[in-house]
Every structure is written in structure tokens, then in C-alpha cells.
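Derivation of every value follows stated rules applied to the coordinates shown; laboratory data play no part. The shown structure was predicted, so the numbers you read here are calculated from the model rather than taken from an experiment. Here the Cβ positions follow ideal geometry from the backbone for every residue, glycine too, while neighbour counts run over all protein chains shown.
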Amino acid sequence: EYVVVHELVHLLEGSHNKVFKAYMDQFLPNWRTMKKELNS
């Protein structure tokens with residue numbers, strides 16, 4: 001789920017900037033936890 005939302009948000013914002021993070025917060029509020037789990 002995280003990877004899909006991450007890639008879809010890139011259609012709206014190409015960089016990993018604060019706008020990107022704001023979209024991630026909006027569409028997947030727990031994305032930071034999911035990212036940590038995927039990277040551990």
C-alpha cells in the first residue's frame with residue numbers, strides 16, 4: 001500500500017519535498033510507520 005501511494009503521489013509532486021510529504025500525510029497518514037517497517 002505504501003509503495004503504491006508513494007508512486008501515485010509522484011504523479012502530483014516529483015520530488016520528496018514538503019509538498020510530497022503533505023500529500024503522503026493526506027492520503028496515507030501512517031506512511032512514516034509503514035516506511036520504517038519496509039526499510040527494517
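Can you tell me the length gained on complete extension of the stretch V19 to K36, counting 0.36 nm per residue apart and subtracting the Cα distance?
That pair, V19 and K36, stretches by 4.1 nm at full extension.
Please report the net charge: other residues with Cβ closer than 14 Å to the Cβ of V5, K and R +1, D and E -1.
Overall, the nearby charge balance is -1.
Cβ under 15 Å from K35's Cβ, K35 left aside: what net charge do those residues give with Lys, Arg +1 and Asp, Glu -1?
-1
Where nothing but the Cβ of Lys and Arg (+1) and of Asp and Glu (-1) is charged, how large is the charge dipole of the chain around its Cα centre, in debye to the nearest 20?
I would put it at about 180 debye.
Taking the 0 to 90 degree range and rounding to the nearest ten, how far is the long axis of helix 18-27 tilted relative to the main principal axis of the chain, both from C-alpha atoms?
Its long axis makes an angle of about 60 degrees.
If you plug each phi of segment 30-40 into the Karplus form 6.51 cos²θ - 1.76 cosθ + 1.60 with θ = phi - 60°, what whole-Hz ³J(HN,Hα) values come out, in order, with x for Gly and Pro?
3J(HN,Hα) across segment 30-40, in whole Hz: 9, 4, 5, 5, 4, 4, 4, 5, 5, 8, 9.
Can you tally the net charge around D25? Count Lys and Arg as +1, Asp and Glu as -1, for every other residue whose Cβ sits under 14 Å from the Cβ of D25.
Around D25, the surrounding residues sum to +3.
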